[in-house]
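Data first, discussion second: the structure below is written as structure tokens.
The values are calculated or read from the model by the stated rules, or taken from the named source; none is laboratory data. Owing to the predicted nature of the structure, the values given are computational and were not obtained by experimental measurement. Cβ placement follows ideal geometry from the backbone for every residue including glycine, while neighbour counts extend to all protein chains displayed. Note: accessible area is taken over every heavy atom of the protein model, side chains too, but ligands, DNA and RNA are not part of it. Shrake-Rupley method; radii C 1.70, N 1.55, O 1.52, S 1.80 Å.
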Amino acid sequence: MPNWLLPEFIADVLPSEARKMEDLRRRVLDEFRSYGYEFVIPPMLEYLESLLTGVGKDTELDTFKLIDQLSGKTMGIRADMTTQVARIDAHLMNRSRVVRLCYAGSILHTRPSGLQATREPLQAGAELFGCAGIQADAEIQKLALSTLKAVGLADVNLDLSHVGVLKAIVSLDPQAKAHEVQLFDMLETKDMPGLSELTADFHEGTRKALLALPELYGDVSVLEKARAVLPAVDGVSSALRELEYLAGQAESDRVTIDLADMHGYHYHSGIMFAAYIPGLPNAIARGGRYDSVSEAFGRSRPATGFSLDIRELARVLPAAEKRPAVMAPWSDDPALAKKVSDLRKAGVTVIYNLQNSVHRTDEFACSQRLEQDASSGDWVLKTISNK
């Protein structure tokens, strides 16, 4: 095998794409900062028991594991940064009130999420700790949509769901509660034959409600239909009220409700949302409430947040335009060095033309060059002809 080959679904990022990703990262973090979120940088790897605290089986399967040569303990390379940020809030921030944290960095997956996906996403996200009220969920939802708008994605569909609906339904029937994991899997894949077979011996009201969930998808009017067919218990009623409120708060062209969307069911504890754009089957951003994660760190804190993949954003957004630049000849002339320095201080990119070669780049377009005026000896800018 050639020594330059990379593992499957792992790839280098070349100049034009790398600059687009870095520009996106900065714009995303600037948007987070405008809402008051503080930037943190968690480590790339941790002891496995800390890294996988409170997460579902999908994250565990996605996590690369290795043995620490110093301690002999099993460590994991992060497949998601949310739990790490929850640990930082619980143990390092030492604040009793609301804490807003954000992050951006590479994560690693044992397998790609799709045919064109990478195993090394560049994840960015924002997490809000210390507020159990619906206003925190509204802020995170608003931040997610405003971030997508800030990077140039205007046509966004917001899909809302709520883990409390399923939890409230299965709590009414011990047999349903015993099969909660299987119900989750079948609802996530919309496996109606399997769902019908599994629920055959459930309480009739529970079975009717579970079989109705996959059909409860559409615009906000679905909530009225849900109130008519689902049990009128506190857990269901409060979940539907929260969905209605957040749908009304959404600054999005389209809002849909999907009461059978169980993505992240084992991880989340309340509202869940996903943002989609035309032409992309997978969600461009996902988020929701996850109050139970911090409990494992010894400090129970309500929490809500969202994350997105900057590499995926870069893939779907138009290629970045080349940055204007000035070409300069190589010379020991102090006057030229000062001119180049002054231009760079003013924000102009200046590229030395070494060995008088034709300079080609993916990032820069040289539309001007520095030439020495024959009469005055000054270095002046001249337009480069395209002829």
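The table for this structure:
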| read-out | value |
| --- | --- |
| Number of the condition not met by I257 [criteria: (1) at pLDDT 95 or above; (2) assigned to a helix (DSSP H, G or I)] | (2) |
| Matching residues in segment 1-12 - criterion: being closer than 23 Å to E60 by Cα and open to solvent by 80 Å² or more (accessible area, probe 1.4 Å) | E8, F9 |
| Criterion (farther than 12 Å from D159 by Cα and out of contact with any helix residue (DSSP H, G or I) (no Cβ under 7 Å at 6 or more places or on another chain)) met by exactly one of Y267, Y217 | Y267 |
| Members of segment 308-324 found to be in a strand (DSSP E or B), within 16 Å of A274 (Cα to Cα) and charged (D, E, K, R), listed by number | D309 |
| When residues of segment 233-277 are limited to those that are in contact with a Gly (Cβ under 7 Å, 6 or more places away or on another chain) and aromatic (F, W, Y), the one nearest to S221 (Cα to Cα) | F273 |
| Qualifying positions in segment 90-107 - open to solvent by 40 Å² or more (accessible area, probe 1.4 Å), more than 23 Å from T147 (Cβ to Cβ) and either among the charged types (D, E, K, R) or touching a Ser or Thr at 6+ places or on another chain (Cβ under 9 Å) (or both) | R95, R97 |
| Of the criteria (1) in a helix (DSSP H, G or I); (2) closer than 22 Å to L183 by Cα, which one H268 fails | (1) |
| Strands (runs of 3 or more DSSP E) wholly inside segment 325-387 that include at least 2 residues being aromatic (F, W, Y) and either open to solvent by less than 50 Å² (accessible area, probe 1.4 Å) or under 27 Å from A18 (Cα atoms) (or both) | none |
| Given (1) free of Cβ contacts under 8 Å to residues at least 12 places away in the same chain; (2) under 26 Å from R27 (Cα atoms); (3) more than 36 Å from the chain's Cα centre (by Cα), number of the condition K345 does not satisfy | (3) |
| Qualifying residue in segment 113-121 (condition: among the hydroxyl-bearing types (S, T, Y) and surrounded by fewer than 19 Cβ atoms within 10 Å (Cβ to Cβ)) | yes |
| Residues located in segment 262-320, provided they are small (G, A, S) and open to solvent by 60 Å² or more (accessible area, probe 1.4 Å) | G279, A296, G298, S300, A319 |
| Failed item, numbered, when S292 is tested on (1) modelled with pLDDT of 90 or more; (2) touching a Ser or Thr at 6+ places or on another chain (Cβ under 8 Å) | (1) |
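Listed here are the residues, each with its yes/no results for (1) among the charged types (D, E, K, R); (2) open to solvent by less than 30 Å² (accessible area, probe 1.4 Å); (3) under 18 Å from the mean Cα position of the chain (by Cα).
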site	(1), (2), (3)
L14	no, no, no
R26	yes, no, yes
E38	yes, no, yes
M44	no, no, yes
K65	yes, no, no
T74	no, no, no
V85	no, yes, yes
I88	no, yes, no
